[in-house]
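Chemist: Dropping a structure here in structure tokens format, bear with me for questions.
Please treat every number below as a calculation from the coordinates, not as lab data. Keep in mind it's a predicted model, so treat the numbers as computed, not measured. Because the Cβ atoms are built from the backbone with ideal geometry, glycine has one as well, and the counts that use them run over all protein chains shown.
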Amino acid sequence: MSAPGIRRRVLITGASIAGTTLAWWLERAGFDVTVVERAPEFRDGGQNIDVRGAGRTVLQKMGLEAAVAASGTGETGIRFVDANNETVATFDVDEMGADGPTAELEILRGDLARLLFEACGDRVEFRFGDRIAAVDDGPDDADVTFDSGRRERFDLVVVAEGVGSSTRELLFAGENDPRFLDVIMGYFTLAKGPTDEDHCRIFTAGEGRSIWLRPDNHGTTRAILVVQKAPEGEDDLSPEAQKAFLTTRFADAGWEAERVLQGLSTTDDLYFDVLRQVRLDHWSRGHVVLTGDAAWCATPIAGIGATLAIIGAYVLAGELATKAELGSALRAYEDRMRPDVEKGQNVPKAGPKFLQPQTRFGVALQHAVLKVAALPGIKPMLAKVIASRSDDVDLPDYGVERG
């Protein structure tokens, strides 16, 4: 890195939750931060995510916990339903606690990213509509060439993009050994209907399918179509083919499938995801480091993606701020984060199979298990198991206080 006393330059690619959180902390620690984002403007879209355990602590340190809570989706719990919309089992926030199946800090991805982006203010330079074309990593810094033709030198380049990060594939070519979870998900926004409520409703349709309808704070409903199957090239489908795939799969699903598929046919915000985890042996090389989903995507099934993104950004900024030597800081960052990432990625494939059974008997068995899990004496134990995954994180105090 640069000599002590010099304001070190950091380039972050990706105005994601990880990228904007990292930018906030690095600027607070005295770094000169630039964020480049390939989208032409800030992206507000996205589905429900949550922030749990130590991730909430980081938001508290940033003075943003109250703002995040105020911008929440309003989801008060999860209700599993049958084909007649009758309740099979309910898990409410007030029964399960702040880190239950529905977290107390439940928010849309775009709303959280917007809060983080606005918190950075004009102290961080954001460049939209550009991306990294090449990085020449030298002994003292990285020489970065952008698609726009611009060329600059930075002390550190941070890749904070998504699971399919093109910059990661450019700079860490062939090093990702993804783990596919045999699940395909389609997320999109749906007009709010008369049956929609402040609970997330989940319908299990059999044949490896489920439909999720979740509330938001924008007067619409967030739909999720889930298919449990091994991938067979679906990640290469065009947007039109993605809609056709989901429509064919759910045409005879029952419940509110007809309404959902009508919404799918006209939506312009479908996000189609063949779930896979990002797994690399190392997250840095020279003056380049990965963070967030680009480094370790655990998939939405893990339920801890946003939390890990926020924690990882905080830890990376803290190690860079408190260690003079770059290699030492990046090693410490990885040493601290990898155990929590590996725990978060420990998602058994049996989980999706239970949530999306193939047979009528499997659906009946799922309903029976859910009814037992929803008993008053069982819910507190279930809540403790869920909360322990996000609470058991050793969060260092780097002494970079909120002003």
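Chemist: Just from its helices, what would the mean residue ellipticity at 222 nm be for the chain, if runs of 4 or more DSSP H residues each count -39500 (n - 2.57) and the sum is divided by every residue, rounded to the nearest 500 deg cm²/dmol? Mind showing how you got there, number by number?
Modeler: Values: 14 runs with 146 residues, N = 403.
One gets -11000 deg cm²/dmol as the mean residue ellipticity at 222 nm.
Chemist: Next question. For a label point 7 angstrom out from the Cα of residue 267 toward its Cβ, which stretches of region 289-304 have the backbone nitrogen within less than 16 Å?
Modeler: Flagged as within label range: 300.
Chemist: Out of all DSSP beta bridges with both ends in the chain, state the antiparallel percent to the nearest 5.
Modeler: Here the share of antiparallel DSSP bridges comes out near 70 percent.
Chemist: Anyone know which of 186, 63, 318 comes out most mobile in the 10 Å Cα GNM of the chain?
Modeler: Checking each option, the largest mean-square fluctuation is seen for 63.
Chemist: In addition: Once you put a point 7 Å from the Cα of residue 95 and another 7 Å from the Cα of residue 150, both along the Cβ direction, what distance in nm separates them?
Modeler: Modelled inter-label distance: 5.3 nm.
Chemist: Further, regarding this structure: Which one of 29, 306, 39 has the biggest mean-square fluctuation once the chain is modelled by GNM with Cα springs under 10 Å?
Modeler: Among 29, 306, 39, the largest GNM mean-square fluctuation belongs to 39.
Chemist: What does the extension gain come out to for residue 133 and residue 197, with contour length at 0.36 nm per residue minus their alpha carbon separation?
Modeler: 18.5 nm
Chemist: Per the Kirkwood definition applied to all pairs of different Cα atoms, how many angstroms is the hydrodynamic radius of region 152-239?
Modeler: It works out to 16.4 Å.
Chemist: Under a 10 Å cutoff between Cα atoms, tell me which one of 145, 189, 34 has the largest fluctuation in the Gaussian network model of the chain.
Modeler: 145
Chemist: Would you kindly state how much longer the chain becomes between residue 175 and residue 285 on full extension, computed as 0.36 nm times their sequence separation minus their alpha carbon distance, in nm to one decimal? Write down the numbers at each step before the final one.
Modeler: Values: separation 110, 0.36 × 110 = 39.60 nm, distance 1.20 nm.
In short, 38.4 nm is gained.
Chemist: Let's see if you can work this out: charge +1 on each Lys and Arg Cβ, -1 on each Asp and Glu Cβ, no other charges. What is the dipole magnitude of the chain about its Cα centre, in debye to the nearest 20?
Modeler: 520
Chemist: Another question, then. Could you give each residue of region 277-282 its phi-based ³J(HN,Hα) in whole Hz, using Karplus coefficients 6.51, -1.76, 1.60 with θ = phi - 60°, and x for Gly or Pro?
Modeler: Once rounded to whole Hz, the list reads 8, 8, 9, 10, 6, 8.
Chemist: Only Lys, Arg, Asp and Glu count, each charged at its Cβ (+1, +1, -1, -1), so figure out the dipole size of region 85-186 about its Cα centre, rounded to 20 debye.
Modeler: 480
Chemist: Could you name the lysines whose alpha carbon sits less than 28 Å from that of residue 353, not counting residues in the same chain fewer than 8 places away?
Modeler: The reachable lysines, counting only those whose Cα sits under 28 Å from residue 353, are 229, 243, 343, 371, 379, 384.
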